[in-house]
Amino acid sequence: MKKILIISPYFPYPPRDGGKVRLYNLIKHLSKDNEVYLLAYIEPGASPDSIRTAKEVCKDVFPVVRHEDKRIEREDIPRCVSFFYTQAMIDELKRVLDFVQPDLVQLDFLIMTEYVKHIKNIPVFYTEHDLGTLDFNQSYHDRDLPDNLRYVEWRKLVEYEKNIINKFKSVIVLTDRDKNIMKKFNPDAKTVVIQTGVDIDFFNAGKNLGYEKNLVFVGHYKHYPNADAIVYFVRFIFDKIIKKIPDIKLYVVGSGLTEDVRRLEKENIIITGEVEDIRQYLKCPNIFIAPVRLGGGIKGKVLEAMASGVPAVATQEAADG
């Protein structure tokens with residue numbers, strides 16, 4: 001039995017998006033044979049139920065409330081990394097390391113990698129969820145900036161990632177494609193593939209109910225690639241489908257609705273927001289769409305749709321993983 005400390009920029013309970021779902025299931029399964037400790041940012045005003053749920057599977061949980069305005073800004077830290085680099089997390093990390101004395105540490109997401117510099121004499125593993133960062137056009141970081149400034153930040157981030165990766169015992173990626181990209185990017189990095197799976201007891205193909213004219217997209221829309229995907233689909237594709245099938249409906253399902261996503265709602269576009277049980281939308285007679293244009297890794301939403309027996313129409317970017 002190992003003491004495993006997992007460090008995340010996002011609190012994985014409730015598991016509302018792909019990264020959180022992966023973390024949630026990882027913790028659930030690791031906890032069967034190990035003591036898993038979770039150190040993670042939690043948003044101000046988050047429900048106490050989130051922490052209580054996490055404690056049901058973790059040996060202990062250490063939430064840190066994230067205040068973006070208290071980030072540490074340094075010339076050597078990329079902007080998107082600095083948003084998650086705070087003195088509060090540094091202090092809590094030091095306290096947790098002394099208290100837990102873990103056998104190993106896992107850091108998730110590039111935006112948390114600066115904390116590896118505060119961990120001494122313990123093996124640290126890094127999970128890279130999305131190597132789309134390495135392509136300027138695919139990267140979703142700093143999308144609020146004009147392209148010229150975003151390019152400067154992107155160059156800085158790529159250089160940062162190349163250097164920081166060497167501080168980890170191993171880099172975990174989600175697909176063979178990402179492993180090949182990592183080998184070219186940093187040949188010295190020790191890379192291993194641990195794929196994302198899907199709970200086929202929870203998501204399963206029920207009886208096909210026949211054909212109805214429903215399209216479904218699922219996402220957490222504060223994650224930029226998801227908002228970009230559905231806005232792109234509605235603006236450039238959906239009208240062409242309506243001309244062929246006038247009574248078709250599009251259901252936009254998921255949490256973290258942004259204003260540009262909310263504005264898509266009209267008679268045949270239903271914005272549900274977060275739902276109690278996503279499975280009611282992931283079943284025939286619906287058709288799942290994944291018009292994702294940005295990022296890499298593997299799209300858990302596509303796996304969930306396929307496990308549910310739903311036809312999935314996807315871009316190459318969504319299907320690559």
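The values are calculated or read from the model by the stated rules, or taken from the named source; none is laboratory data. Worth saying up front: this structure is predicted, and the values here are computed from it rather than measured. Counting neighbours? That spans all protein chains shown, and the Cβs are built from the backbone with ideal geometry, glycine included. For the accessible areas, the whole protein counts, side chains as well, though only heavy atoms, and no ligand, DNA or RNA atoms are used. Shrake-Rupley method; radii C 1.70, N 1.55, O 1.52, S 1.80 Å.
Brief remarks follow.
- The C-alpha atoms of the chain define a longest principal axis, and helix 18-30 lies at about 60 degrees to it.
- Distance between region 32-78 and region 218-273 - C-alpha centres, whole angstrom: 31
- Crossing angle, helix 176-185 versus the chain [Cα axis fit, 0-90 degrees, rounded to tens]: 50
- Residues of region 46-80 with amide N under 19 Å of the 7 Å Cα→Cβ point at HIS118: 60-80
- Average accessible area per residue (Å²) across the chain - probe 1.4 Å, nucleic acids and ligands excluded: 50
- Loop-located trypsin sites (Lys or Arg not before Pro) in region 222-274 whose Cβ has at most 16 other Cβ within 10 Å (DSSP): LYS222, ARG263
- Surface composition of the chain: carbon plus sulfur atoms hold 49% of the accessible area, using a 1.4 angstrom probe and ignoring ligands, DNA and RNA.
- Using the Cβ-Cβ distance between ILE245 and ALA46 with R0 set to 45 Å, the FRET efficiency from 1/(1 + (r/R0)^6) comes to roughly 0.65.
- Cα point-scatterer Debye curve for region 13-61, base-10 log of I(q)/I(0) at q = 0.20, 0.28, 0.30 Å⁻¹: -0.65, -1.20, -1.31
- Under a model in which nothing but the beta-carbon of Lys, Arg (+1) and Asp, Glu (-1) is charged, the chain shows a dipole of about 480 debye around its Cα centre.
- Beta bridge orientation in region 205-304: antiparallel %, DSSP, nearest 5: 10
- Residues whose amide H falls under 5 Å from that of THR191, counting only those 5 or more places apart or on a different chain, are VAL171, with hydrogens built in the peptide plane.
- Karplus-derived 3J(HN,Hα), 6.51/-1.76/1.60, for each residue of region 242-247, Hz, glycine and proline x: 4, 4, 8, 10, x, 9
- In the chain, the convex hull through the Cα atoms has an average projected area of 17.0 nm², a quarter of its surface area.
- Under-5 Å amide H pairs with LYS249, H placed in peptide plane, nonlocal only: ASN214, LEU215
- Average silhouette area of region 1-148, convex hull of alpha-carbon atoms, in square nanometres: 9.5
- Globularity ratio of region 168-289, using Cα Rg and 2.2 N^0.38 Å: 1.35
- Cross-link check: pairs LYS3/LYS299; LYS179/LYS222; LYS184/LYS299; LYS32/LYS59; LYS28/LYS190 evaluated at a Cα-Cα cut-off of 18 Å; pairs beyond the cut-off: LYS3/LYS299; LYS179/LYS222; LYS184/LYS299; LYS28/LYS190.
- The chain: angle of helix 224-233 to the longest principal axis, Cα-based, in degrees nearest 10: 10
- Taking the average, over residues, of other Cβ atoms within 10 Å as the packing measure, peptides 299-305, 267-273 rank 299-305, 267-273 from highest down.
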